[in-house]
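Colleague: I am attaching a structure below and will ask some questions about it afterwards.
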Amino acid sequence: MTSQTNVVILAAGLGTRMKSKRAKVLHRAGGMTLIEHVVHAAGAIAPAGNATVVVGHQSDRVRALLAPSGVRFADQTEQKGTGHALLACRASLASEPGLVVVLYGDCPLLSPATLTELVRRQSAADAAATVITTRLNDPTGYGRIVFGEQGDVRAIVEHKAATPAQLAIPFINSGIYCFRADLLWKHLVEIRPGNPAHEYYLSDIVEIFGRAGYTVAAMEVENSAELLGINTRVELAAVDKIFRERKVQELMLAGVTIEKPETVTIDSCVRIGEDSIVGPFAQILGRTEIGEDCRIGACSIVENSTLASGVEIAPLTSVLDSHIETGAVIGPFARLRLGNRVGKNARIGNFVELKNTRLGAGAKANHLAYLGDSGIGDHTNIGAGTITCNYDGVSKHKTQIGKDAFVGSNSTLVAPLEIGDGSYIGAGSVITHHVPSDALALGRSRQVNKEGWAAKRKKKK
Ligand code: UD1
Ligand code: CA
């Protein structure tokens, strides 16, 4: 890149057509908010410190979301159109030479490669600006590009203001431009709100440049999906679908088997190793990392979790904020929530819930259990129906179970509690006191058999 590039991302609008209390750019597709996708793409042409996001509606939330990325902000307190939004950056950017790329916060599929090419084209051209366009079969709603004889852009006409002949033009205004900074800041102030909506249309700058003797070039992009601007929730769903298709393709090409790929949801940041298999309707979300040779069963949800290699998540299982080591098998119908660590080759079966629990290597909880705020040693077996009573109505308490222990079925472990290595808990016990290593603990009344009792009762009737 020969000259300095500043990026401005317009994101102040509410997005009335979304019919939402939430600002449009905060809606999510492909596992991220729309504005995060755009900021990410902008990173291809300028460092975050050279990107300015114009905020207005719910500016606090947009600022809070993006502040960690290092971008700058400009306020547009009243939303009077795209031209007006760009003016909000004039004071801070007008003295900076080079190029200004304008992006819209509601256009999240734009690729870094297209942006890089836009900057390259504008750097090599004589034009005052280059605008990205594409051909759409149904250009309804978009501004249309009116070309001159030399292939230069004469004007951009908004859909609402277009004549029938202009409505037939298939080339649309993507809203993405690269400007010569000096000419942009000089002429931007000439935009007037001379339309029925009384808005300052940035697209009017094309004709302003023309009157001042400058040309505007167009760059056509073949893959028009990249330029989809989201205005409604229908479009949001369509864009989300494209993100998911892209992600499953990328993973399949990298050696992941995805069964019925059209049914799965895998967020953009997820990583999955070779020869792993993802079953139908699985959802793999957030910052999840999955190793090689894993299996994610049908309809399972894995979010913000790390799975080492060779882990099996059986169908209909939910794993959140957890770390699973090699060879562990979890589910079907298991629920791991919040801060669990499951050891090598451990086994968690159906209807077992884990919260803030560390399960040692080779440990097992095969059926129907709740293990909360607990530590369970290597090779310990937790019987069906075991419950850690970690909550006394006021605070949470810990249960610590050693290695090679055997907790009989239907045990009730009242925390705080320590159970030593190698100990046994008799089935059906309520355990309220610490159990030393290698002991047998029985916490239930003895069985009493009354000989002949039932027979006598029947005779009485
Ligand atoms: C705009 C273009 C249209 C183009 C289309 C592409 C204009 C006048 N029209 O129309 O030619 O085909 O995008 O998607 O430029 N924004 C602000 N402040 C405002 C108004 C808008 O920050 O006062 C932001 C919005 O948050 C949004 C972006 O600018 O991210 C585009 O605004 P939007 O209202 O969606 O423009 P369109 O009507 O789609
Ligand atoms: Ca739009």
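The values are calculated or read from the model by the stated rules, or taken from the named source; none is laboratory data. Given the structure is predicted, the values throughout are model-derived calculations rather than measurements. All Cβ positions, glycine included, derive from the backbone under ideal geometry; neighbour counts span all protein chains shown.
Colleague: For segment 376-394, which residues satisfy the criterion of being surrounded by 18 or more Cβ atoms within 10 Å (Cβ to Cβ), more than 15 Å from GLY426 (Cβ to Cβ) and small (Gly, Ala, Ser)?
Modeller: Passing the criteria: only GLY377.
Colleague: Look at segment 108-136 and say how many of its residues are in contact with a helix residue (DSSP H, G or I) (Cβ under 9 Å, 6 or more places away or on another chain) and either away from ligand 2 (no atom under 16 Å from the Cβ) or over 23 Å from ASP204 (Cβ atoms) (or both).
Modeller: Going through segment 108-136 one residue at a time, the tally reaches 11.
Colleague: Could I ask something else about it? Among the candidates ILE277, ILE266, which residue alone is more than 30 Å from SER92 (Cα to Cα), crowded, with 16+ Cβ neighbours inside 10 Å and over 16 Å from the mean Cα position of the chain (by Cα)?
Modeller: When all the criteria are applied, what remains is ILE277.
Colleague: Answer yes or no: is there a residue in segment 94-104 that is in a helix (DSSP H, G or I) and in contact (Cβ under 8 Å) with a residue 40 or more places away in the chain.
Modeller: No, there is no match, as no residue in segment 94-104 is in a helix (DSSP H, G or I) and in contact (Cβ under 8 Å) with a residue 40 or more places away in the chain.
Colleague: For segment 386-446, list the strands (runs of 3 or more DSSP E) that sit wholly inside it and hold at least 1 residues that are in contact with a Phe, Trp or Tyr (Cβ under 9 Å, 6 or more places away or on another chain) and at pLDDT 95 or above; which are they?
Modeller: Correct list: 387-389.
Colleague: Within segment 221-261, track down each residue that is within 16 Å of ligand 1 (Cβ to nearest atom), of a type in the set (A, V, I, L, M) and out of contact with any Asp or Glu (no Cβ under 6 Å at 6 or more places or on another chain).
Modeller: Across segment 221-261, the qualifying residues are VAL221, ALA225, LEU227, LEU228, VAL234, LEU236, ALA238, VAL239, ILE242.
Colleague: Here's something else I'd like to know. Select from segment 98-147 the residues that are of a type in the set (Asp, Glu) and more than 27 Å from TYR214 (Cα to Cα) and list them in ascending order.
Modeller: ASP106, ASP138
Colleague: Are there any pairs, at least 6 apart or on different chains, whose C-beta atoms fall under 9 Å, with the first in segment 212-231 and away from ligand 2 (no atom under 14 Å from the Cβ) and the second basic (Lys, Arg), and if so, which?
Modeller: Partner pairs satisfying both residue conditions: ALA212/LYS186; TYR214/ARG180; VAL216/ARG154; ALA217/ARG121; MET219/ARG121; GLU220/ARG135; GLU222/ARG135; SER224/ARG135.
Colleague: Also: Across segment 38-65, what is the number of residues that are of a type outside the set (D, E, K, R), in contact with a helix residue (DSSP H, G or I) (Cβ under 9 Å, 6 or more places away or on another chain), assigned to a helix (DSSP H, G or I) and within 14 Å of ligand 1 (Cβ to nearest atom)?
Modeller: Total meeting the criteria: 5.
Colleague: Can you report the number of residues in segment 14-32 which are on the phi < 0 side of the Ramachandran plot and either more than 12 Å from ligand 1 (Cβ to nearest atom) or surrounded by fewer than 22 Cβ atoms within 10 Å (Cβ to Cβ) (or both)?
Modeller: Counting residues in segment 14-32 that are on the phi < 0 side of the Ramachandran plot and either more than 12 Å from ligand 1 (Cβ to nearest atom) or surrounded by fewer than 22 Cβ atoms within 10 Å (Cβ to Cβ) (or both) gives 12.
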